[in-house]
1. Using the structure shown, decide if Glu215 is in a helix (DSSP H, G or I), modelled with pLDDT under 95, surrounded by 17 or more Cβ atoms within 10 Å (Cβ to Cβ) and under 17 Å from the mean Cα position of the chain (by Cα).
2. Does Val165 satisfy the criteria of being free of Cβ contacts under 8 Å to residues at least 24 places away in the same chain, outside any loop (DSSP other than H, G, I, E, B) and either open to solvent by less than 30 Å² (accessible area, probe 1.4 Å) or touching a Lys or Arg at 6+ places or on another chain (Cβ under 9 Å) (or both)?
3. Are any residues in segment 186-242 within 26 Å of Ile174 (Cβ to Cβ) and in contact with a Gly (Cβ under 6 Å, 6 or more places away or on another chain), and if so, which ones?
4. State the number of residues belonging to segment 218-242 that are assigned to a helix (DSSP H, G or I), open to solvent by 20 Å² or more (accessible area, probe 1.4 Å) and either closer than 19 Å to Asn59 by Cβ or touching a Cys at 6+ places or on another chain (Cβ under 9 Å) (or both).
5. Name every residue in segment 102-157 that is among the acidic types (Asp, Glu) and without any contact (Cβ under 8 Å) to a residue 60 or more places away in the chain, in order of residue number.
6. Is it the case that Gly138 is in contact with a Ser or Thr (Cβ under 9 Å, 6 or more places away or on another chain) and either modelled with pLDDT under 95 or under 30 Å from Thr175 (Cα atoms) (or both)?
7. Say we look at segment 176-212 and pick out the residues that are within 21 Å of Ile98 (Cα to Cα) and β-branched (Val, Ile, Thr); which of these is nearest to the chain's Cα centre (by Cα)?
Amino acid sequence: MAGHSKWANIKHKKERTDAKRGKIFTKIGREIAIAVKEGGADPLANSRLRDAVAKAKANNMPNDNIMRSIKKAAGELGAINYESVVYEGYGAGGVAVIVEALTDNRNRTAGDVRHSFDKNGGALGATGCVAWMFERKGVLVVEKTEAIDEDALMIEALEAGALDVEAGEDVFEITTDTSDFSSVFETLENKGYGFMIAEIQMVPANTIEVNEDNEQSLQKLLDMLEDSDDVQNVYHNAVMSA
């Protein structure tokens with residue numbers, strides 16, 4: 001995420017996602033597999049799976065791929081041995097960074113994550129060192145178009161259970177409680193809205209600005225982390241220049 005505001009952050013995150021479409025599909029497939037293992041293959045009875053499917057749809061993952069991932073996971077439960085691991089630390093300039101990973105080898109993943117921090121002016125910290133600065137929320141981002149009536153979207157989102165709707169220059173950002181994320185997503189999807197982003201995120205309570213040198217180091221750190229096959233999501237509290 002990069003940009004003078006969170007709206008630009010959203011744009012840059014989406015651009016990087018588009019550039020790494022194949023890897024994103026692989027990572028979402030892994031999230032689906034873990035969700036199926038934990039709660040079964042029925043999205044109606046498995047909230048984590050519903051959330052993963054919503055994320056897949058927002059990333060333009062074809063429905064056939066989504067269903068294939070669910071069926072594959074349901075048939076290979078015994079072979080799925082990934083575990084969730086969360087790392088916390090600081091990037092250049094004191095930026096708080098949270099890394100969520102799914103791994104079948106904790107030592108390998110921890111080593112890779114630590115190397116990424118060390119190489120780019122950061123430091124891996126202890127569990128809990130930055131998590132208190134973030135709150136887990138559902139985030140839905142809708143691109144602004146002439147076809148979308150701002151007032152109607154806000155009313156429909158809030159009536160569906162959203163916490164807030166903010167209008168940026170190019171997008172609307174809808175936030176929800178994690179427990180309401182799937183229902184808000186499905187309600188708005190059924191009304192014809194499409195999403196640039198639809199996922200559960202760690203949202204920073206406050207952001208900090210970084211200078212040019214620290215920004216370059218931070219961007220390299222984020223790129224290294226996101227390039228890792230084990231890393232699913234990376235969150236931070238920086239405001240960076242476009």
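1. No: the conditions fail for Glu215.
2. Details: free of Cβ contacts under 8 Å to residues at least 24 places away in the same chain: yes; outside any loop (DSSP other than H, G, I, E, B): yes; either open to solvent by less than 30 Å² (accessible area, probe 1.4 Å) or touching a Lys or Arg at 6+ places or on another chain (Cβ under 9 Å) (or both): yes.
Spelling it out, Val165 is indeed free of Cβ contacts under 8 Å to residues at least 24 places away in the same chain, outside any loop (DSSP other than H, G, I, E, B) and either open to solvent by less than 30 Å² (accessible area, probe 1.4 Å) or touching a Lys or Arg at 6+ places or on another chain (Cβ under 9 Å) (or both).
3. Passing the criteria: Ile200, Ala242.
4. 3
5. Asp104, Asp118, Glu143, Glu146, Asp149, Glu150, Asp151, Glu156, listed by residue number.
6. So Gly138 fits the description; yes.
7. Ile200
The values are calculated or read from the model by the stated rules, or taken from the named source; none is laboratory data. Worth saying up front: this structure is predicted, and the values here are computed from it rather than measured. Here Cβ is always computed from backbone atoms with ideal geometry, including for glycine, and neighbour counts include all displayed protein chains. Accessible surface areas use protein heavy atoms only, side chains included; no ligands, DNA or RNA. Shrake-Rupley method; radii C 1.70, N 1.55, O 1.52, S 1.80 Å.
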